[in-house]
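> Below is a structure I'd like to ask you about.
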Amino acid sequence: MVIDELKKNMIPRHVAIIMDGNGRWAAMHGSNRIFGHQQGVDAVRSVVEGAGELGIEHLTLYAFSTENWDRPKDEVDALMALLVNAIVQETDNLNDKNVRMIAIGNLASLPNDVQSQLEEAVQRTSKNTGLNLILALSYSGRWEIVEAVRQIVRKSQNSEITENQITECLFSDHLSTAGIPDPELLIRTSGEYRISNFLLWQIAYSEFYFTPILWPDFRKENLFEAITDFQCRERRFGKTSEQIRS
Ligand code: IPE
Ligand code: IPE
Ligand code: MG
């Protein structure tokens, strides 16, 4: 799959990816799970590059879920260490590629060194004007929705908003993705067919693309394939096919 075969006027503005399969990739290669996570960083680099080349505006990567805290402590510790390393090592590369990085999720629950490296990388890439890379860390869709409800209730109690002002638009503005369009395309690797608590509100009308490829093997060419598939779909938003075509 080459980039030139894609329709330039039908590139999604926002692509979200559930990067899954590192553990199985490691097992297949006779290694421990941590090695699989390390190899996953190469896939991230390639996909970020490909997204930039396509002119995708926002790329959200599910890197660590709220539920992932329940994994064995060794694996969680290794993932946190890997995160710090990857963030430190990749920031220059992100700047070279004009990529702005932000993070969403319960960031306060991350270890202090991860938080501070993350803040530094976010700050150091904040002036970039290309791809907006959104890392979902200690993130879950239900957590985010509950947080939004809390904020709205607080504002209501302070008489900052009334019941009638609570709309879908206002609710979206209280999510961690406020200001970012909903993803048109959601990709999950590793052959699993589930959402695992990712962007529950935002994927209401996303197109889903599932691939058996394990995350460490995923490259920008696979992203281009997913977008080719996306470009062949008819997005109806509840209307009929006839309405869409006319
Ligand atoms: C995805 O790979 C990475 C994280 C969830 C952090 P997994 O670690 O879930 O890999 P599998 O699903 O066990 O193969
Ligand atoms: C989802 O993958 C979370 C991330 C990719 C960060 P998991 O491997 O944790 O998902 P489940 O638990 O198998 O659904
Ligand atoms: Mg998994």
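> Being closer than 20 Å to LEU135 by Cβ and more than 14 Å from ligand 1 (Cβ to nearest atom), is that true of even one residue in the range 15-33?
Yes, there is a match, as at least one residue in the range 15-33 is closer than 20 Å to LEU135 by Cβ and more than 14 Å from ligand 1 (Cβ to nearest atom).
> Ok, one more. Answer yes if at least one residue in the range 113-130 is within 16 Å of ligand 1 (Cβ to nearest atom) and not hydrophobic (A, V, I, L, M, F, W, C), and no otherwise.
no
> Do we have ALA63 as near ligand 1 (Cβ under 8 Å from one of its atoms) and open to solvent by 60 Å² or more (accessible area, probe 1.4 Å) here?
For ALA63, the condition - near ligand 1 (Cβ under 8 Å from one of its atoms) and open to solvent by 60 Å² or more (accessible area, probe 1.4 Å) - is not met.
> Only one residue in SER116, SER65 is touching a Ser or Thr at 6+ places or on another chain (Cβ under 6 Å) and at pLDDT 95 or above, so which one is that?
SER65
> Here is a check on your reading of the model: is GLU119 assigned to a helix (DSSP H, G or I) and either out of contact with any helix residue (DSSP H, G or I) (no Cβ under 7 Å at 6 or more places or on another chain) or open to solvent by 70 Å² or more (accessible area, probe 1.4 Å) (or both)?
Yes.
> A further question follows. Does THR162 meet the test of being at pLDDT 95 or above, farther than 22 Å from HIS58 by Cβ and of a type in the set (Val, Ile, Thr)?
The answer is yes for THR162.
> Tell me which residues, restricted to the range 27-45, are in contact (Cβ under 8 Å) with a residue 24 or more places away in the chain and more than 22 Å from SER206 (Cβ to Cβ).
MET28, ARG33, ILE34, GLY36, HIS37, GLN38, GLN39, GLY40, VAL41, ASP42, ARG45
> Residue by residue through the range 66-86, note down the ones that are farther than 19 Å from ASN197 by Cβ and within 14 Å of ligand 3 (Cβ to nearest atom).
If the condition is that a residue be farther than 19 Å from ASN197 by Cβ and within 14 Å of ligand 3 (Cβ to nearest atom), then PRO72 is the only one that fits.
> Further question: Looking at GLU49, GLU57, GLU75 in this structure, which one is of a type in the set (D, E, K, R), modelled with pLDDT of 95 or more, open to solvent by less than 80 Å² (accessible area, probe 1.4 Å) and farther than 20 Å from TRP215 by Cα?
Only one candidate passes the filter, namely GLU57.
> Restricting attention to the range 131-165, and to residues there that are open to solvent by 40 Å² or more (accessible area, probe 1.4 Å) and in a loop (DSSP other than H, G, I, E, B), which single residue is farthest from ASN112 (Cα to Cα)?
It comes out as THR162.
> Going by the structure shown, is MET10 near ligand 1 (Cβ under 9 Å from one of its atoms), of a type in the set (A, V, I, L, M) and touching a residue at least 60 places away in the same chain (Cβ under 8 Å)?
So MET10 fails the test.
> With respect to GLU5, determine if the residue is within 16 Å of the chain's Cα centre (by Cα) and open to solvent by 40 Å² or more (accessible area, probe 1.4 Å).
Considered against the rule, which asks whether it is within 16 Å of the chain's Cα centre (by Cα) and open to solvent by 40 Å² or more (accessible area, probe 1.4 Å), GLU5 comes out as no.
> Let me ask you something else. Using beta carbons and a limit of 7 Å, which pairs, at least six apart or on different chains, have the first residue in the range 60-71 and in contact (Cβ under 8 Å) with a residue 24 or more places away in the chain and closer than 23 Å to GLY179 by Cβ and the second one of a type in the set (Val, Ile, Thr) and more than 9 Å from ligand 2 (Cβ to nearest atom)?
Pairs found: THR60/ILE134; LEU61/VAL44.
> Take ASN98 and tell me if it is at positive phi, more than 16 Å from ligand 1 (Cβ to nearest atom) and not acidic (Asp, Glu).
Considered against the rule, which asks whether it is at positive phi, more than 16 Å from ligand 1 (Cβ to nearest atom) and not acidic (Asp, Glu), ASN98 comes out as yes.
> Moving on to the next point. Looking at (1) farther than 25 Å from TRP69 by Cα; (2) within 17 Å of the chain's Cα centre (by Cα); (3) surrounded by fewer than 18 Cβ atoms within 10 Å (Cβ to Cβ), which one does GLU168 not meet, given that it meets all the others?
Among (1) farther than 25 Å from TRP69 by Cα; (2) within 17 Å of the chain's Cα centre (by Cα); (3) surrounded by fewer than 18 Cβ atoms within 10 Å (Cβ to Cβ), GLU168 violates only (2).
Conditions (1) more than 16 Å from ligand 2 (Cβ to nearest atom); (2) touching a strand residue (DSSP E or B) at 6+ places or on another chain (Cβ under 9 Å), marked per residue:
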residue: VAL41; (1), (2): no, no
residue: VAL44; (1), (2): no, yes
residue: GLU49; (1), (2): yes, no
residue: TYR62; (1), (2): no, yes
residue: VAL84; (1), (2): yes, no
residue: VAL88; (1), (2): yes, no
residue: ASP96; (1), (2): yes, no
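The values are calculated or read from the model by the stated rules, or taken from the named source; none is laboratory data. None of the values given here were measured: they were computed from a predicted structure. Note that each Cβ is placed from the backbone with ideal geometry, even for glycine, and that neighbours are counted across all protein chains shown. For the accessible areas, the whole protein counts, side chains as well, though only heavy atoms, and no ligand, DNA or RNA atoms are used. Shrake-Rupley method; radii C 1.70, N 1.55, O 1.52, S 1.80 Å.
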